[in-house]
1. Please specify each residue of segment B:171-184 satisfying the condition of being charged (D, E, K, R) and more than 14 Å from every other protein chain (Cβ to nearest Cβ).
2. Take segment A:198-220 and flag every residue that is without any contact (Cβ under 8 Å) to a residue 24 or more places away in the chain and either facing chain B (nearest Cβ under 9 Å) or aromatic (Phe, Trp, Tyr) (or both).
3. Any residue at all in segment A:85-94 that's in a loop (DSSP other than H, G, I, E, B) and either among the hydrophobic types (A, V, I, L, M, F, W, C) or under 17 Å from A:Glu187 (Cβ atoms) (or both)?
4. Output the number of the condition that A:Gly292 fails; it satisfies all remaining conditions of (1) small (Gly, Ala, Ser); (2) buried (at least 19 other Cβ atoms within 10 Å of the Cβ); (3) in contact with a Cys (Cβ under 9 Å, 6 or more places away or on another chain).
5. Could you list, in sequence order, the residues of segment B:218-244 that are closer than 22 Å to A:Arg275 by Cβ and buried (at least 22 other Cβ atoms within 10 Å of the Cβ)?
6. Return the pair list, or none, for Cβ contacts closer than 7 Å from residues in segment A:142-160 that are on the phi > 0 side of the Ramachandran plot to residues that are outside any helix (DSSP H, G or I) and buried (at least 20 other Cβ atoms within 10 Å of the Cβ), at least 6 apart or on different chains.
7. Give me the pairs: first residue in segment A:308-319 and at negative phi, second residue aliphatic (A, V, I, L, M), beta-carbon distance under 6 Å, and six or more apart or on different chains, which are they?
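The values are calculated or read from the model by the stated rules, or taken from the named source; none is laboratory data. From a predicted model like this one, the values you see are computed outputs, not experimental measurements. Cβ: placed from backbone, ideal geometry, glycine included. Neighbour counts: every protein chain shown.
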Amino acid sequence: MNSQNGRPLILKVEDLVTRFNTPEGVVHAVNGVSFELHEGETIGVVGESGCGKSVTMHSILQLIPRPPGKIIRGRALFHDEDLIHLAPEEIRHVRGAQIGMIFQDPMTSLNPVITIGKQVAEPLMLHLGMNKADAQKRVIELLELVGISQAENRIGQYPHQFSGGMRQRVMIAMALACNPQILIADEPTTALDVTIQAQIVELVKKLRDELGMAVIWITHDLGIVAGLAQRVLVMYAGFIIEESLVKELYINPQHPYTLGLLRSLPRLDSNEHQRLTTIPGLPPILMNEPKGCPFSPRCPYRFERCAENPPLLEIEVGHRAACWWNVQEGKPRND
Amino acid sequence: MTETLLKVEGLVKHFPILAGVFQRQVGVVHAVDGVTFDVRKGETFGLVGESGCGKSTAGRTILQLYRPTAGNVFFDGIDLVKLKGEELRRLRRRMQMIFQDPYASLNPRMSVGEILAEPLVVHEVAKGQEIRERVDELLNIVRLSPGFAARYPHEFSGGQRQRIGVARALALEPEFIVCDEPISALDVSIQAQVINLLEDLQSQFNLAYLFIAHDLSVVRHISQRVAVMYLGLLVEMAERNELYSHPLHPYTQALLSAVPIPDPFKEEKRQRIILEGDVPSPVNPPSGCHFRTRCPLAEKICAEREPEWREVAPNHWVACHLV
């Protein structure tokens, strides 16, 4: 599969395995993740805390602390270059230039003692070799692009003089400074109020369409993904357990975990009071070498075959799920 | 209609801002600026709003954890604001609180058994063997194994800790519980477990909840009536379905339109009202209507006069000049 709707492939991640050595033991954070991203495409990566969604993206950009983290194997091909095995100075040319990133907490991702103007100018001077005057001009343009009014007056201000939503806009301006081909957004709206979240989501959608970049949006919120992504990866215990076009996923979820998540959400759009369906048990502890299907201890459809960990099985074109059981038809899947 | 259990009238809570060597008062945070509503027996009343709107302060002030600056809180006909010391303490047995952060609201040095026994000991409702039996019973009620009594909070997951918090709130058989963002710190798959538990306990013990949350989907699911708060004031209050299907206040409308719906087909067709800017500081709330600085419909009158809190349809209250 080289293209989706004729779009060329831009990032191809293959069999990524990341572990952390901790005093309590080895944490199996990412256990063989493979996915593709096409030019201009938005994918949503969905999962609960500890499912490996952030570690996957951080591994690709060599952002995990090593040690204790270790990338055991895998490749992340970006324009035929394997990001995971690039030298530190080479990956720095990719990060913040060709691939931009925004994080959950805009309060801690900005340096509190450096003015906003200087922080946004840094990638411009570093990656594009702009001089101070040009960089400043571009900073003002960028801040206006992300909806910060009176940008000229605000470049001399410090992060604490900005609200949470405004700081996230500054982060987006920084991420976009060098016209990246990919924007990785790691739960960028989780710390924000819902009206501010709506502002940020609309902003990213608008910029994505104007600038034509691909977006990887990491979130635990199936609602945000529904309105933003074309394709969704659902992660659990360091595995991708389902991958699908967004509409297909919500009408026809194939993995019991995806199905459980969708059923457990209270809905803003339902007038009837229905008891929520719960997923019993607790999210997995990743201290042990994965054996069998990681979701099977919590799965209502578990049967003998689940002792063997299922690979991602193709359900139909573009829709894959890692489950031996056909939840829609109530019988084992023929593999 | 069922009986009123809690009646909040014109509740105000201001916090002084002190500065300088002599700690002179230089300003006031208008956290809660005059809030009126009631909660009926056995009902869930949802209070929604964004961070800093004063919803948590309102919850705490109702329970007299903060003393109100003005206003009255009648619990079963008794004005809590006038009560002090022992009298207040005795009434506290009947109203409890569940906190947002299950990591911070349990003492890490106390075993679960001690945590659950503490209210029983403090209020002298049980002793010796009775306490142990009641602790087992409480763990059973929140579907935790009785064997957990000897363990410490750090041994539990977030969802299990929140169950312990719920068990502690139930220890004295209250009639009213303030649930302050009880599920927002939990994972999605665990949230539904705690919501179902709260619903089961409500029907089992005829509890009334004041359910404080920022998540409008959760509030819709659990509440019978809902009030929306903005910058210290209620802007709208109605029966659940009425509020969600016919929101009248521009803020409620914007808030509802901002919530993502987990349905790509609906999301595709949705028209969002995107509010400009941020919530103003509660130190200097805007004149007139507090929402006018972000309101897409604001007119001259909105800056000049505070909108009246009026009942525009049966049980549907709103504070807006333009409704």
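1. Across segment B:171-184, the qualifying residues are B:Glu173, B:Glu175, B:Asp180.
2. Across segment A:198-220, the qualifying residues are A:Ala198, A:Glu202.
3. For segment A:85-94, residues in a loop (DSSP other than H, G, I, E, B) and either among the hydrophobic types (A, V, I, L, M, F, W, C) or under 17 Å from A:Glu187 (Cβ atoms) (or both): present.
4. Every listed condition holds for A:Gly292 apart from (2).
5. Answer for segment B:218-244, where residues must be closer than 22 Å to A:Arg275 by Cβ and buried (at least 22 other Cβ atoms within 10 Å of the Cβ): B:Val218, B:Val219, B:Arg220, B:His221, B:Ile222, B:Ser223, B:Val226, B:Leu243.
6. Listed pairs, sorted by first residue: none to list.
7. A:Pro310/A:Ala322; A:Leu312/A:Ala322; A:Ile315/A:Ala321
Rundown of residues vs (1) in a helix (DSSP H, G or I); (2) among the acidic types (Asp, Glu); (3) within 14 Å of another protein chain (Cβ to nearest Cβ); (4) under 18 Å from the mean Cα position of the chain (by Cα), yes/no style:
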position: B:Leu106; (1), (2), (3), (4): no, no, no, no
position: B:Lys127; (1), (2), (3), (4): no, no, no, no
position: B:Ile131; (1), (2), (3), (4): yes, no, no, no
position: B:Glu137; (1), (2), (3), (4): yes, yes, no, no
position: B:Ala149; (1), (2), (3), (4): yes, no, no, no
position: B:His154; (1), (2), (3), (4): yes, no, yes, no
position: B:Ala169; (1), (2), (3), (4): yes, no, no, yes
position: B:Leu186; (1), (2), (3), (4): no, no, yes, yes
